[in-house]
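The values are calculated or read from the model by the stated rules, or taken from the named source; none is laboratory data. On a predicted model such as this, the values are computed, not experimentally measured, just so you know. Counting neighbours? That spans all protein chains shown, and the Cβs are built from the backbone with ideal geometry, glycine included. Heads up: the accessible areas ignore ligands, DNA and RNA and are worked out on the full protein's heavy atoms, side chains in. Shrake-Rupley method; radii C 1.70, N 1.55, O 1.52, S 1.80 Å.
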Amino acid sequence: SYCKARKAAFGSSGINAEYGDVVSYDMLRRGVSDVRSLGHTMCGSVEACYNEVFDAVSDCAADQDYLQGVLDRAVDMYKARAQSDIAEFGASNDNTIMGRLINLAMRRFTDLESVRAFAMENLDDGMIADAKAGYEAFKVAAADFCDSGCVDRSAKFFKMLFARMHGRGCTDASEFCGACENNARRFFMARSMLHTIPCCLQDVIEQALEGAAYFRDAYSAEMEDAESYLREAFADQPALIAQAEAAAAAAREQIECVSSVYNDNKSSCA
């Protein structure tokens, strides 16, 4: 299986001792074959499995007593197995971003009714319709990706790309800007069919970008409200706000570098 293969390649800790905590593009290259196998499994089974489970769950969900029973058991399991440990972690780490977020969530969601009230307050018919439309679009894109044989073509492309990106100062896959970006640009400069983004993969990327842009535009007010709420909640921890802002700025920088390489090297697809 995929998980066993990763453990065999990188050791029981999940990370090869050769690299420590750093994930390199060479490590990603060696993992492409496993992801390819997982992709074939998902293409062959996931939709049929999902539909079967969805139909069964839909039938059960029509029974309100059944649905309430499931929710009650989930709450009981959370309280019995996780609540105290999570609360202890939050109390001991309130001066960290994760700890503070946990404490905020635990104060706000004290029981099932508070979760339901939050959902009723923040979810409307438009959001639900967008979620359904997004899922339907994902199903179509996934079917096209699978039916066109894009799993193998994408795997071959990424394996070659990652092989060329490793080295020449590019040792950490989490830092694309700089040496890794330069290696990627050198890969595309070859201008051969083997060094171009498969059109079937590019179609999926473009649809994902369109979806992200729609979400950003449609829910900008909600995101601004969430940011204001978090800034207020972290007002007594300016160092954590600065840490979060620095992390967000670093992530935006990496995304801009990736976007630049992608936009400069798009394939000419019909």
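Solvent-accessible area of ILE102, all protein chains in place: 30 Å² (probe radius 1.4 Å, heavy atoms, ligands and nucleic acids excluded). [x] 6, 28, 37, 22, 6, 1, 0; [y] 6, 24, 36, 27, 7, 0; [z] 5, 17, 26, 31, 18, 3, 0: which one is P(r) over Cα pairs in 10 Å bins from 0, in percent as calculated from this entry? Of the labelled values, this structure produces [z].
Length available on full extension from PHE215 to ASP63: 0.36 nm per residue minus the Cα-Cα distance, which gives 51.4 nm.
Could you work out what % of the accessible surface of segment 213-270 is carbon and sulfur, using a 1.4 angstrom probe and leaving DNA, RNA and ligands out of the count? Ligands and nucleic acids excluded, carbon and sulfur give 57 percent. Distance from a point 7 Å along Cα→Cβ of ALA250 to each backbone N in segment 18-53: keep the residues under 14 Å and list them by number. The answer is 22-23. In this structure, the amide hydrogen of ALA173, modeled 1.01 Å from its nitrogen in the peptide plane, lies closer than 5 angstrom to those of VAL23, SER24, TYR25, counting only residues at least 5 positions away or on a different chain. Its relative contact order, with pairs defined as Cα atoms under 8 Å and 6+ residues apart, puts the chain at 24 percent. Among 225-232, 198-205, sorting by the average number of other beta carbon atoms lying within 10 angstrom of each residue, highest first, gives 198-205, 225-232. For a test of the definition: using alpha carbon positions, the gyration tensor, and the 1.5 limit on a/c, classify segment 105-222 as rounded, prolate or oblate. Prolate, since a/c reaches 1.5 and a/b exceeds b/c. Residues within the reach of a label modelled at PHE109 (point 7 angstrom out along Cα to beta-carbon, backbone nitrogen below 17 Å), restricted to segment 69-91, are 70-91. Placing dummy labels 7 Å off each Cα toward the beta-carbon, the span from HIS40 to TYR229 is 4.5 nm. You can think of it this way: the chain between VAL22 and ALA131 has 35.7 nm of extra reach, that is 0.36 nm per residue less the Cα-Cα gap. Taking each residue as 0.36 nm, the span from ASN265 to LEU71 lengthens on full extension beyond its C-alpha to C-alpha distance by 65.0 nm.
Only aspartates and glutamates eight or more places from LYS266 in sequence, or on another chain, were considered; those with a Cα closer than 14 Å are ASP203, GLU206. Put +1 on the Cβ of each Lys and Arg and -1 on the Cβ of each Asp and Glu in segment 128-238; which of ALA218, VAL140, SER192 then has its Cα farthest toward the positive end of the dipole? Sorting the options by dipole projection puts first SER192. Approximating the spin labels as points 7 Å out from Cα along Cα→Cβ, the ALA56-to-ASN122 distance works out to 3.1 nm.
The Cβ shell under 13 Å around ARG36 holds other residues with a net charge of +3, Lys and Arg each +1, Asp and Glu each -1. Under 5 Å between amide hydrogens, built in the peptide plane, is the criterion, and for ILE197 it picks out SER267 among residues at least 5 positions away or on other chains.
Other residues within the sphere of radius under 15 Å centred on the Cβ of PHE118, judged by their own Cβ, net out at -3 (K and R +1, D and E -1).
Can you tell me the equivalent ellipsoid semi-axes for segment 36-184? Use √(5λ) from the Cα gyration tensor, largest first, whole Å.
Square roots of five times the eigenvalues give 38, 29, 15 Å.
Please state the charge dipole magnitude for the chain, taken about the Cα centre, from unit charges on C-beta atoms (+1 on K and R, -1 on D and E), reported in debye and rounded to the nearest 20. Once rounded to the nearest 20, the dipole reads 1760 debye. Protein heavy-atom accessible surface, 1.4 Å probe, per residue over the chain: 66 Å².
With a sphere of radius 12 Å drawn around the Cβ of ALA239, what net charge do the other residues whose Cβ falls strictly inside it have (Lys, Arg +1; Asp, Glu -1)?
Net of charged neighbours comes to -1.
Between segment 158-183 and segment 45-69, the C-alpha centres lie 44 angstrom from each other. Per-residue SASA remark: PHE158, around 70 Å² accessible (1.4 Å probe; ligands, DNA and RNA not included).
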